[in-house]
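Below: the structure, in structure tokens.
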Amino acid sequence: MDTSPLPEFPALHPPLLQVKDLSIRFGTHHAVKNISFQINAGQTLGLVGESGSGKSATSLALLRLLPPTAQITGDITFAGQPLLHLSETAMRHHRGRNISMIFQEPMTALNPVMPIGAQIAEAVLAHNDGTDHPRLSRNAIKQKVLAAMHQVALPDPERRSKDYPHQFSGGQRQRILIAMAIVNQPRLLIADEPTTALDVTVQAQILLLLKQLRASHNLAMLFISHDLAVVAQACDQPTDTVAVMQHGQIVEQAPTSQLFRNPIHPYTRQLLASAPTMHTNRTKPLASSTIST
Ligand SMILES: Nc1ncnc2c1ncn2[C@@H]1O[C@H](COP(=O)(O)OP(=O)(O)OP(=O)(O)O)[C@@H](O)[C@H]1O
Ligand SMILES: [Mg+2]
């Protein structure tokens, strides 16, 4: 019998997003230090870490939305294309179409003086220049907007599309932002603290919605949060992984269940210990207050 080691075959499908040795500096401040991760279609990667650890800088680098003062090195490959070397025009083609983003604060991300249907339509219009598909008619755009509102379970899309952001609840405004993010059927969705501004019940509804969208669209997702409990809910499929960031570095990265069952890095352990449970002694401060930043 041949006992020689099996040859290493390349992966059948290369990852949709591959980040290698990404570093970001703002002047002398090294905000992100040599981080690497990958995300496949249908997979969610949770990026968790304390405030200032470099989570948002990482997500903005993926979309090339950092200010020109940021020095970025390393490689970001999306669907086989090296994003850091693309022209701005080629990058604009990806943004909001193949890769889209949901921001944390729905009220500041929405235009208060424009009906929400028109705002969702703007996301379609930004990619309606005839390069990818024949230009869509006004009516086709309207149908796309209503379909996206329906997908995110906004009530009565036809009527409510004419309403303004202030006429919606916080959870509904987050649904509007999600509708804008998915209306062009992206392949990768970046969600930067998408539920932090919401109360826990609405937070659970939004997490469920993201999970449904991901399953129905085979979406890859980068889910960012400072809250390990939220990340655990968002990344609960067997293929999902969690990366823990501290001071610009990924200090631990593992499949979700493994990370929770057997955390290796002391910082991951601290994060886990800082999450309140039924058994937490509420007369003592949580461990998070002792995490050094
Ligand atoms: N445009 C910028 N100019 C200068 N420094 C910046 C800029 N953006 C971010 N930084 C710095 O980079 C570091 C990482 O910031 P980042 O916003 O990525 O943190 P974060 O992990 O998203 O935190 P939070 O949980 O508070 O959102 C911080 O020290 C921050 O001050
Ligand atoms: Mg952030």
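So here's what we get for this one:
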read-out	value
Given LYS144/LYS211; LYS33/LYS211; LYS142/LYS211; LYS20/LYS144; LYS162/LYS211, the pairs whose alpha carbons are separated by over 32 Å	LYS20/LYS144
Pairwise FRET efficiency - THR28 versus ASP156, Cβ, R0 = 51 Å, nearest 0.05	0.45
Theoretical ellipticity at 222 nm over the chain - DSSP helices of four or more residues, -39500 (n - 2.57) apiece, nearest 500	-9500 deg cm²/dmol
Whole-angstrom Cα spans of the stretch 49-99 along principal axes, big to small	32, 21, 17
Chain lengthening between GLN143 and THR73 when straightened (0.36 nm per residue, less Cα-Cα)	21.1 nm
Accessible area in square angstrom per residue, the stretch 17-275, 1.4 angstrom probe	45 Å²
Distance in nm between pseudo-label sites at LEU84 and ASP199 (7 Å out along the Cβ direction from Cα)	4.5 nm
Antiparallel bridge percentage (DSSP; both residues within the stretch 17-275; nearest 5)	55 percent
Relative contact order [Cα under 8 Å, 6+ residues apart], the chain, whole percent	24 percent
Area of VAL32 that stays accessible when all protein chains are in place (1.4 Å probe, Å², to 10)	0 Å²
Accessible surface of the stretch 17-275, 1.4 Å probe, proportion on carbon and sulfur as whole %	53 percent
Antiparallel %, DSSP beta bridges [both residues in the stretch 148-275], to 5	55 percent
Solvent-accessible surface ranking, highest first, for ASP132, ASP199 at 1.4 angstrom	ASP199, ASP132
Charge sum, other residues only, whose C-beta stays under 9 Å from HIS226's C-beta, Lys/Arg counted +1 and Asp/Glu -1	-2
Calculated Rg and Dmax of the stretch 151-236 using C-alpha coordinates, Å	12.9, 38
FRET efficiency for GLN258 and LEU65, using Cβ-Cβ distance with R0 set to 22 Å, rounded to 0.05	0.10
Average projection area in nm² (convex hull over Cα atoms of the stretch 1-151, one quarter of hull surface)	14.4 nm²
Equivalent-ellipsoid semi-axes of the stretch 17-275, from the Cα gyration tensor, Å, largest first	30, 22, 16
Exposed trypsin sites (Lys or Arg not before Pro) absent - longest run of the chain, DSSP non-H/G/I/E/B, at most 13 other C-beta within 10 Å	1-134
Dipole magnitude of the chain about its Cα centre (Cβ charges: Lys, Arg +1; Asp, Glu -1), debye to nearest 20	540 debye
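The values are calculated or read from the model by the stated rules, or taken from the named source; none is laboratory data. Every value quoted in this text rests on a predicted model; they were computed, and no experiment measured them. Note that each Cβ is placed from the backbone with ideal geometry, even for glycine, and that neighbours are counted across all protein chains shown. SASA here: full protein model, heavy atoms, side chains in, ligands and nucleic acids out. Shrake-Rupley method; radii C 1.70, N 1.55, O 1.52, S 1.80 Å.
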